[in-house]
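*Asks:* First the structure, then my questions, so here it is.
The values are calculated or read from the model by the stated rules, or taken from the named source; none is laboratory data. Note that the coordinates shown come from a computational prediction; the quantities given were computed from them, not determined experimentally. Counting neighbours? That spans all protein chains shown, and the Cβs are built from the backbone with ideal geometry, glycine included.
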Amino acid sequence: MNWAVIMAGGSGTRFWPESRKHRAKQFLDLFGPKTLLEQTFDRVKKVIPPSRILVFTASDKAASTAKLLPIPRSQVIGEPAGRNTAPCAAWAASLVLKKDPSAVLGIFPADHFIKDEITFSKVLRVAFGQADGSGMPVTLGIKPDQPHTGYGYLEIAGKKATVRGTPVFFLKRFHEKPALAQARAYLRSKKFLWNAGIFIWRADCLLETTRRELPAVFKTIVKLAAGGISAVVAKKLFTKVPNISIDHGLMEKLSGGILTIPVSMGWNDVGSWASLGDLLPVDRAGNLSVGTNILVESSGNVVKGTGRLIATVGLKDHVVVDTGDAILVCPVSKTESIRKIVVELQKRKMHRFL
């Protein structure tokens, strides 16, 4: 059967000051009344029944996550520490294999935006079928529409098949985030896709690859999935496993043994405040304004308030966010550096702003 794990353990520091320890990015309602996590769950449940969806999050957020979603608390797994996506995926695979030895596992980030959910569902069904039949992992690759330097890339090889109108290719290799000139070359070649971080893999194959490539992760995950250990011991074990992504730890070790499906579905990883300007309605001057704001002779800004008036004059290409206890002012071009504010707050022990 088909299963899913939604990974909701990230901190989302680039969305400070709204994103805090108690309310990370995936718990923000950036696109309407529902949080990013709820929207992800709603998308996935159109293909996978809620009874076969697991959610991994930080242990201190597990109870509140279970209240947010229409699933039992037992399907929300609290990670004792953040150790990236490979340990999370292996842990999920180990758990579902105990219930279903033939399980095919879809792995989804909790904090992305997908506009075309019909295409997402269609491609996902093809991906599950391909992963089940071949035993190979399948990754969804986003067809690029610009030379983006903030995403990793997938280089496609020859076509494997066309299934219900959806082409499936062999993946040649993963590529790190490129410089602009390289990204332009990737775009021109039409052989490269953005890595969306969405993977579909037979659970037994995922776990066997973990045993072979990440033995330290495998040994710990098997103990955790077996249960019967205290929270203190679980934290001690989990904090010692390698902090590594599924891309670097597992996928890149399978050169020639991965499939990819190119897709255009209005995908965005919602990586920073700047990305909201591409996803929400803007005024004639290109301003995204949320709250009580007056923007005079201002253009290309993202301005978000919580009740107080925000007024700007002659402001161009900036992010302004007011949460009541903190105000962020940052050029749109520097939103990737917002995480440095969090680091500085930690150094100064200004914990009430974290």
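*Asks:* Considering only residues that are touching a helix residue (DSSP H, G or I) at 6+ places or on another chain (Cβ under 6 Å) and within 14 Å of residue 20 (Cα to Cα), which ones fall in segment 325-346?
*Replies:* Residues satisfying the conditions are 326, 338, 339, 342, 345.
*Asks:* Let me ask something else about it. All but one of (1) outside any helix (DSSP H, G or I); (2) in contact (Cβ under 8 Å) with a residue 12 or more places away in the chain hold for residue 342; which doesn't?
*Replies:* Unmet condition: (1).
*Asks:* Let me ask something additional. Please pick out the residue among 294, 246, 258 that is among the β-branched types (Val, Ile, Thr) and more than 30 Å from residue 195 (Cα to Cα).
*Replies:* 294
*Asks:* Pick from segment 47-61 the residues that are outside any helix (DSSP H, G or I) and within 19 Å of the chain's Cα centre (by Cα): which of them is nearest to residue 81 (Cα to Cα)?
*Replies:* The selected residue is 58.
*Asks:* Residues in segment 326-335 that are more than 15 Å from residue 301 (Cα to Cα) and loosely packed, with under 13 Cβ neighbours inside 10 Å: how many?
*Replies:* Here the count works out to 0.
*Asks:* For residue 80, which of the numbered conditions (1) at pLDDT below 95; (2) buried (at least 22 other Cβ atoms within 10 Å of the Cβ) fails to hold?
*Replies:* Status for residue 80: all satisfied but (2).
*Asks:* I need the full set of residues from segment 306-339 which are in a strand (DSSP E or B) and either touching a residue at least 60 places away in the same chain (Cβ under 8 Å) or closer than 17 Å to residue 24 by Cβ (or both), in order please.
*Replies:* 321, 327, 328
*Asks:* While we're here: Quick check on this structure: which one of 254, 259, 279 is at pLDDT below 95, of a type in the set (A, V, I, L, M, F, W, C) and in the same structural domain as residue 128 (by TED's automatic domain parsing)?
*Replies:* 254
*Asks:* Inside segment 138-182, can you point out the residues that are surrounded by fewer than 16 Cβ atoms within 10 Å (Cβ to Cβ) and aromatic (Phe, Trp, Tyr)?
*Replies:* 170
*Asks:* Mind listing just one residue for me: the one in segment 286-299 that is over 25 Å from residue 337 (Cβ atoms) and not in a strand (DSSP E or B) and, of those, modelled with the highest pLDDT?
*Replies:* Checked segment 286-299; the qualifying residue modelled with the highest pLDDT is 297.
*Asks:* Return yes or no: is residue 313 closer than 14 Å to residue 18 by Cα and either at pLDDT 95 or above or surrounded by fewer than 13 Cβ atoms within 10 Å (Cβ to Cβ) (or both)?
*Replies:* When the stated conditions are applied, residue 313 does not pass them.
*Asks:* Of all residues in segment 65-77, how many are without any contact (Cβ under 8 Å) to a residue 12 or more places away in the chain and surrounded by fewer than 18 Cβ atoms within 10 Å (Cβ to Cβ)?
*Replies:* Final tally of qualifying residues: 4.
*Asks:* Within segment 83-125, work out how many residues are assigned to a loop (DSSP other than H, G, I, E, B) and more than 21 Å from residue 207 (Cβ to Cβ).
*Replies:* The number of residues fulfilling the criteria is 5.
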